[in-house]
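First the structure, in the form of structure tokens, and then the observations on it.
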Amino acid sequence: MILSALFYAITDIIIKFISPPLGIIQIAFVRFLLGALILWPMLKSSGQSLIGNSIRVLLLRGLTGTLAFFFLLKSIVMIPLSNAMVLFYTFPLFATFFSFFLLKERFKRLEIILTLVGMIGIYILINPSSHAYTIGHMFGLLAGCFAGFTVVLIRKLRKTNGPLIIYFYFCIVGGIISSPFFIMKFKLPDFEQSSFLVLLAVIFLIAQILMNQGFKFCKASEGGVILMSEVVFTGIAGVVIFDDTMSLNFLAGTCLIIGSGIGLNLIAYKNNISVPMANM
């Protein structure tokens, strides 16, 4: 699980490096395309159907996951990496919210308190009255929102579908959505940029496989908490590599958001609810 979080953090760092010259469309399209091409033979060799069950929900999960990924890319490009990742990790809050409306799961008092704590953390972190607040912060929140919705859909899909087919549909839907924009804005990357794009797609898949394997050996709550170390890795990278500043508002907001997410993960496990990652 720690290795999965580390590999996801590496993808965040690579995206921050290559997004200015390449643009997020090419990054997204290559991830979706190579992901689908790698998963196709894996699914065929394991004898799994490429159709899957609950196709409408699979397609919807692909759409919400794609939107979450695009908003995350936009956020990483526009604001400090550490801020973007903390805002993305608000998705447990949104997952709790959507579970109430979509799955009719009842709110418990502690869940309400933790959700409010997370919301306070969001307000402190982005500080809307501050000159530092930008549209990039809103994109980060939208990424967390759509990722939370995606988590709820994944929980529903995992009852009748394996993780690979769910991720395969994500790649297919993402590729279809991004392909027209990729064609319109296509710019031939040089050798170094092409290498980074291929490396990015491979690392995404490795991180995904490591996460799936990790959940076989640890509890859902433990896995969810450990994967939040991605925020720590990207935070360190943000300071060391990208000279991100760690203001008091950022540290306070981050502690409240991550603490809220950990608490919600633990409650979900206590209620025997598997909490998948939005990256799936």
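Nothing in this text is a laboratory measurement; each read-out follows from the coordinates by a stated rule. The shown structure was predicted, so the numbers you read here are calculated from the model rather than taken from an experiment. FYI the Cβ positions are ideal-geometry reconstructions off the backbone, even for glycines, and counts take in every protein chain you see.
Under DSSP H, which helices of the chain have Cα atoms covering 27 Å or more of the helix axis and a Kyte-Doolittle average no less than 0.5? Write down the numbers at each step before the final one.
Numbers: long enough: 2-22 (30 Å, 1.59); 24-45 (32 Å, 1.67); 55-78 (34 Å, 1.68); 135-157 (32 Å, 1.53); 163-184 (32 Å, 1.93); 191-217 (39 Å, 1.37); 248-270 (33 Å, 1.33).
Taking the DSSP H segments of the chain (at least 27 Å long, mean hydropathy at least 0.5), we get 2-22, 24-45, 55-78, 135-157, 163-184, 191-217, 248-270.
Rounded if a/c is under 1.5, else prolate if a/b is larger than b/c, else oblate: which is the range 125-176, with a ≥ b ≥ c the root eigenvalues of its Cα gyration tensor?
Note, shape of the range 125-176 comes out prolate.
Looking at the range 14-119, which chymotrypsin sites (Phe, Trp or Tyr not before Pro) are in a loop (DSSP not H, G, I, E or B) and have at most 14 other Cβ atoms within 10 Å?
Numbers: sites: 17, 29, 32, 69, 70, 71, 88, 89, 94, 97, 98, 100, 101, 107; in loops: 89, 107.
Listed in order of number, the matching sites are 107.
Once you have all Cα-Cα distances for the range 2-270, histogram them in 10 Å bins from zero and send the whole-percent values.
P(r) over the range 2-270, rounded to whole percents: 7, 29, 37, 22, 4, 0.
Where is the GNM fluctuation largest for the chain (alpha-carbon springs, 10 angstrom cutoff): 244, 12, 190?
The residue that fluctuates most here is 190.
For the chain, with a Gaussian network of springs between Cα atoms less than 10 Å apart, report the residue from 31, 109, 155 with the top mean-square fluctuation.
For the chain, modelled as a Gaussian network with Cα springs under 10 Å, the answer is 109.
To the nearest µm²/s, what D does Stokes-Einstein give for the range 1-158 at 4 °C and 1.567 mPa s, using the Kirkwood radius over alpha carbon pairs as Rh? All intermediate terms of the calculation are to be shown ahead of the outcome.
Numbers: Rh = 17.2 Å.
Taking Rh from Cα pairs, D becomes 75 µm²/s.
Once the Cα atoms of the range 8-97 are picked out, what are the Rg and Dmax in Å?
Using the Cα atoms of the range 8-97, the pair Rg, Dmax is 15.5, 43 Å.
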